[in-house]
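Structure record follows, encoded as structure tokens.
Any read-out appearing in this document is the output of simple, stated calculations on the displayed coordinates, not a laboratory observation. Since the model is a prediction, treat every value here as computed from it, not as a measurement. Please note: Cβ atoms are built from the backbone with ideal geometry, for glycine as well, and neighbour counts cover all protein chains shown.
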2 protein chains.
Amino acid sequence: MQIVHVISDLPHPANQTVGFVPTMGGFHEGHLSLMRTAKAECGFVVASLFVNPTQFGAGEDFERYPRNLERDAEMAQAAGVDILFAPTTDEMYPRRGTTIHVPAVTTLWEGASRPGHFEGVATIVCKLFNVVRPNVAYFGLKDLQQCLVISRMTADLNLPVTVSLQPTVRESDGLALSSRNMYLTESERAIAPELQRQLISSALALKDNNLSSEEVEVQLRHAKSSLEAVGFRVDYFELIDLSSTHSTHSAKEGSALIAAAYLGKTRLIDNIIL
Amino acid sequence: MQIVHVISDLPHPANQTVGFVPTMGGFHEGHLSLMRTAKAECGFVVASLFVNPTQFGAGEDFERYPRNLERDAEMAQAAGVDILFAPTTDEMYPRRGTTIHVPAVTTLWEGASRPGHFEGVATIVCKLFNVVRPNVAYFGLKDLQQCLVISRMTADLNLPVTVSLQPTVRESDGLALSSRNMYLTESERAIAPELQRQLISSALALKDNNLSSEEVEVQLRHAKSSLEAVGFRVDYFELIDLSSTHSTHSAKEGSALIAAAYLGKTRLIDNIIL
């Protein structure tokens, strides 16, 4: 594996399918699983490691976000990555300027909770697509709305990249892997899997019955209070339509339950697609 | 020459330099000159013909903008174009969604006079770059701020395209060629070249002297009243810094005089780079 820091050093192998895994580092099994899938499906794999400042809001964890290039490089190499692209901020943003907006799927949920976040995500992903020029790019469904934003941007801007969305990788107790799980205290970590358990039990309650709008609302409120009862501060717990991200009362194909909740200072998100 | 209406029919010749001339049709010598330059510099030339609805504001001339595919196709063929890409609106915009914003160079002048115009321009040019995948794209300097927007967007988003800016082509009396010149009445057409004449005489007055800010202001006001005196309604007549598009009082390299003025209902723009 080669570590590349400068855009102009990136190779563009002409006769191989290039798979791409954009990351912010802090690798865990979720990232490694994307890299292994990329390696299995493509001849050549580029992973990027860039803690993108434009997707962090004021007061978020940009400064303390985990950074350990040496550890991450070893893990990426073992997962079959050919090129680890780790640019500096100046290399990616010699100046701030052009931004990409995907209003159709960014006004609600993570977009509402984190103003500017998805503009930052869309812009850096477009830039990375243009410098890496992959055939296929891999993203984890844990960040469901991010997946919708990137899929939508890629289609709308006719970017010549296939977006491949991969299942969330979880701890054995169900907690979705996230670089931010390391912020959890021991007691918060013990409570954390309850987020997925509540998503599963709500999904079952919503899916198997022909519920009225009111009954759906009651179920969602019940889920929130159950989470609050065990120590979460719930940001949202909603049933949404995946094409619009709008709330829906119909738990059918093309809908998902999405949740964001704090344990202490740590914000966890998770989802289940119906 | 082949006329292509559908994105998936566009060829991507692997071993040739692809030159690209994006247009809205209504071809005149300005367009043809870009096509001939592209043909001279690149092995393979794609021109696009798409009257982009997202760059027209309410009350602008989207409906009456000149459309004549047969005439334009003949002219493009004669200029050496290999592929004329003429998509429908549905082909380019199956839905509205993602937009590209270049605030650093779009808040003033044309951006201020035509809200949303440059978001429309930046978005369609990015989309066209992604479907045509040219090595070099050609634009005319008559639309100077558009050139700045596209250059800036291409750099900021790391689009793998070289933007080549070409001199304005003019009528023998100096009027910059524009598809909109056809809207001019005979008497307006007789007055129209005065716009360039005023730009030239102001440029000379500003360049050869070490003028104070006040003297520059006086010169610009004088230019405006001279144009108003012969029948223009001046939108702006300004000395700007090309990197920021901000007004400047220093007529040095990297600055330009830019003007927009109405003759009747027709809005003309022109500029001179110092």
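Of the residues A:Asp235, B:Asp90, the one with the fewest other Cβ atoms within 10 Å heads the list, and the complete ranking is B:Asp90, A:Asp235. Please average, across the residues of B:102-108, the number of beta carbons from any other chain that are within 10 Å of each residue's own beta carbon, and give a whole number. Rounded to a whole number, the mean comes out at 2. From least to most packed, judged by other beta carbons within 10 angstrom and beginning with the fewest, A:Val4, B:Val149 follow the order A:Val4, B:Val149.
Per residue of peptide A:123-134, the mean number of Cβ atoms on other chains within 10 Å of the residue Cβ is 3.
Choose one answer from A:Ala155, A:Ala47, A:Ala192: the residue with the largest mean-square fluctuation in a GNM of chain A with alpha-carbon springs under 10 Å. The residue that fluctuates most here is A:Ala155.
Other residues lying with their Cβ under 11 Å from the Cβ of A:Asp61 contribute a combined charge of +2, Lys and Arg counting +1, Asp and Glu -1. Distances from B:Asn68 to itself in the other copies, using label points 7 Å out along the Cα-Cβ axis, amount to 7.0 nm in increasing order. Each principal axis of the Cα cloud of region A:6-47 was taken in turn, and the coordinate range along them, longest first, works out to 30, 25, 8 Å. At what distance in nm do the modelled label points of B:Ala190 and B:Glu91 sit from each other, each positioned 7 Å from its Cα along Cα→Cβ? For B:Ala190 paired with B:Glu91, the spin-label model returns 4.4 nm. Once divided by 2.2 N^0.38 Å, the Cα radius of gyration of chain B becomes 1.02. Taking other residues whose beta carbon is less than 12 angstrom from the beta carbon of A:Gly80, and scoring Lys, Arg as +1 and Asp, Glu as -1, yields 0.
Largest mean-square fluctuation among A:Val102, A:Val230, A:Val163, in a Gaussian network model of chain A whose springs join Cα atoms under 10 Å apart, belongs to A:Val230. Take each residue of peptide B:25-32, count the partner chain Cβ atoms within 10 Å of its Cβ, and average: the result is 0.
Would you please state the base-10 log of I(q)/I(0) at q = 0.15 1/Å for region A:36-103, with intensities from the Debye formula using one equal scatterer on every alpha carbon? Reported log10 I(q)/I(0), two decimals: -0.67. The Kirkwood radius of region A:117-223, taken over pairs of alpha-carbon atoms, gives through the Stokes-Einstein law at 37 °C and 0.692 mPa s a diffusion coefficient of 198 µm² s⁻¹.
Take every Cα pair under 8 Å whose residues are at least 6 apart in sequence, average their separation, divide by the length of chain A, and the relative contact order is 17 percent.
Evaluated with a Cβ-only charge set (Lys, Arg +1; Asp, Glu -1), chain A carries a dipole of roughly 300 debye about its Cα centre, given to the nearest 20.
As a ratio to 2.2 N^0.38 Å, the alpha-carbon radius of gyration computed for the protein assembly as shown takes the value 1.13.
Applying a DSSP loop filter and a limit of 15 other Cβ atoms within 10 Å to the GluC sites (Glu not before Pro) in region B:198-260 leaves B:Glu253. For the protein assembly as shown, the mean residue ellipticity at 222 nm estimated from helices alone is -11000 deg cm²/dmol, where every DSSP H run of n ≥ 4 contributes -39500 (n - 2.57) and the total is divided by all residues, rounded to the nearest 500. Model label points for B:Glu228 and A:Glu253, set 7 angstrom from Cα along the Cα-to-Cβ axis, are 6.6 nm apart. Between copies, A:Pro94 shows label-point distances of 3.6 nm, shortest first, with the point placed 7 angstrom from Cα along Cα to C-beta. Sparsely packed loop sites in region A:1-93 (the trypsin sites (Lys or Arg not before Pro) outside DSSP H, G, I, E and B with at most 14 other Cβ atoms within 10 Å) comprise A:Arg64, A:Arg67. The reciprocal of the average 1/r between distinct C-alpha atoms defines the Kirkwood hydrodynamic radius, which for region B:179-273 equals 13.6 Å.
Efficiency by 1/(1 + (r/R0)^6): what FRET value for A:Tyr262 and B:Ala58, r their Cβ-Cβ distance, R0 = 30 Å, to the nearest 0.05?
It comes to 0.10.
Calculated FRET efficiency, B:Val218 to B:Asp9, Cβ-Cβ distance, R0 = 60 Å: about 0.55 to the nearest 0.05.
Shortest first, A:Gly43 label-point distances to identical copies amount to 2.0 nm, with the label point at 7 Å from Cα along Cα→Cβ.
Sort out for me the Cα centre separation of region A:40-64 from region A:73-141, rounded to whole Å. A separation of 6 Å, based on Cα centres. Calculated from the alpha-carbon coordinates, region B:1-151 shows an Rg and a Dmax of 14.9, 45 Å respectively. With springs only between Cα atoms under 10 Å apart, run a GNM on chain A and tell me which of A:Gly140, A:Gly97, A:Gly264 wobbles the most. Among A:Gly140, A:Gly97, A:Gly264, the largest GNM mean-square fluctuation belongs to A:Gly97. Counting Lys +1, Arg +1, Asp -1, Glu -1, what net charge surrounds A:Ile200 among other residues with beta carbon under 11 Å of its beta carbon? Summing Lys and Arg as +1 and Asp and Glu as -1 gives 0.
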